[in-house]
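As structure tokens, the structure follows; a few thoughts come after it.
Just so it is clear, none of the values below were taken in a lab; they were calculated from the coordinates. Since we're looking at a predicted model, the values are computed, not measured. Cβ placement follows ideal geometry from the backbone for every residue including glycine, while neighbour counts extend to all protein chains displayed.
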Ligand code: C2E
Ligand code: MG
Ligand code: MG
Ligand code: MG
């Protein structure tokens, strides 16, 4: 009996692995077509000033709803694209689209765009980004590039060169998911960031864990000592706002303020945000 149980467990495990491998293979096979047909595109999550909740920018977040597989999480298809060498094409396409959308927003609203770790070591990245800006007419000072700490540990020298290329072009750089990756404080001193984004794993616990609250406070103080802005990620509750402002964090995003919206909805949201600001 024990033997047959082991055998069936093994089969179950094997079938699970098969499904995973097959799903990745299918995503890989359909990525190119999905890009060509416009099935993958960005939605935009508002980034707000905590004091008055006014919108200061939007983060582009990739979305793909597959006719049979349903919503495929961006982390999944971006990791497949990284593995099969399709990331320059996918990311270039997403950035051109996002810039074309953002150029229609009011001039004081910026676009924040995620770059994956594999892209940071691509020597053509800076040129690719400048081309997307040029083609859309979006100015460099309205673009912020987000990268995670994991993008810095693969090849620090190349990352440093790419980041200084972006800075020289006038593009701002945000360190995403700060505290959740494998970075060191050394990176913060050596590289010039404009913003730290406090990872949701800290903010989501800040009201229930004294340690998490202490981490949030320490990150904000560190950022302010280095003259960096901070954005608190994953804000879902009104009660998180007071402590963040008291600690000196002025900007945030999260479901409390709104999730990622398609481009058309962003235009409506901006129109009502502006009329409220005037009233
Ligand atoms: P991220 O850049 O840290 O983006 C934040 C993620 O948290 C997004 O998930 C967003 O939808 C989610 N989120 C925002 N507010 C809340 C909240 O209040 N509560 C909760 N529970 N979640 C919240 P999403 O869209 O699934 O994206 C996941 C990750 O995929 C992103 O993490 C980013 O690393 C990556 N990603 C998304 N779009 C792109 C892209 O165009 N290019 C690259 N390279 N990566 C992307
Ligand atoms: Mg991000
Ligand atoms: Mg993040
Ligand atoms: Mg993340």
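Just need the relative contact order of region 5-118 here, percent rounded to a whole number, with Cα pairs under 8 Å and 6+ apart.
25 percent
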Roughly how many Å is it from the Cα centre of region 53-117 to that of region 210-279, as a whole number?
20 Å
Could you state the per residue volume, in Å³, of the convex hull enclosing the Cα atoms of region 189-233?
65 Å³
Return, for the Cα atoms of the chain, the radius of gyration and Dmax in Å, separated by a comma.
20.4, 75
Fully extended contour minus Cα-Cα distance, from residue 53 to residue 275, at 0.36 nm per residue:
78.5 nm
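How much length is gained if the chain between residue 23 and residue 66 is pulled fully straight, taking 0.36 nm per residue apart and subtracting their Cα-Cα distance, in nm to one decimal?
That works out to 14.3 nm of additional length.
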Once you keep just the Cα pairs under 8 angstrom separated by 6 or more residues, what percentage relative contact order results for the chain?
18 percent
Within the chain, what percent of beta bridges assigned by DSSP are antiparallel, to the nearest 5?
40 percent
Which parts of region 233-249 would a label at residue 214 reach, counting a residue when its backbone N lies under 19 Å from a point 7 Å out along Cα-to-Cβ?
243-244, 247-248
With a 10 Å cut-off between alpha carbons and a GNM built on the chain, which of 33, 131, 20 moves the most?
20
Work out how much length residue 185 to residue 124 would gain on full extension: take 0.36 nm times their residue separation and subtract the Cα-Cα distance, in nm to one decimal.
19.2 nm
Using only Cα atoms, find the angle between the long axis of helix 210-225 and the longest principal axis of the chain, and express it within 0 to 90 degrees, rounded to the nearest 10.
50 degrees
Using only Cα atoms, figure out Rg for region 211-274 and give it as a multiple of 2.2 N^0.38 Å.
1.32
Order these peptides, 249-256, 67-74, 145-152, 211-218, by their mean beta-carbon neighbour count within 10 angstrom, highest first.
145-152, 249-256, 211-218, 67-74
Where does the chain land at 222 nm, in deg cm²/dmol rounded to the nearest 500, when only DSSP H runs of n ≥ 4 count, each adding -39500 (n - 2.57), divided by all residues?
-16000 deg cm²/dmol
Could you give the angle, 0 to 90 degrees to the nearest 10, between helix 125-136's Cα long axis and the longest principal axis of the Cα atoms of the chain?
60 degrees
By average C-beta atoms within 10 angstrom, highest first, the peptides 97-109, 235-247, 167-179:
167-179, 97-109, 235-247
Using only alpha carbon pairs under 8 Å that are at least six residues apart, calculate the relative contact order of region 105-240 and give it in whole percent.
20 percent
How far, in degrees from 0 to 90, does helix 156-168 lean away from the longest principal axis of the Cα atoms of the chain, to the nearest 10?
40 degrees
Just to be sure I understand: with springs between alpha-carbon atoms less than 10 Å apart, which residue in 140, 180, 29 has the highest mean-square fluctuation in the Gaussian network model of the chain?
29
Go through 113-124, 262-273, 79-90 and give me the packing order, highest mean Cβ count within 10 Å leading.
113-124, 79-90, 262-273
Expected-Rg normalisation [2.2 N^0.38 Å, Cα atoms] applied to region 138-279:
1.14
Say we join alpha carbon atoms closer than 10 Å with springs in a Gaussian network model of the chain; which of 66, 186, 43 then has the biggest fluctuation?
186
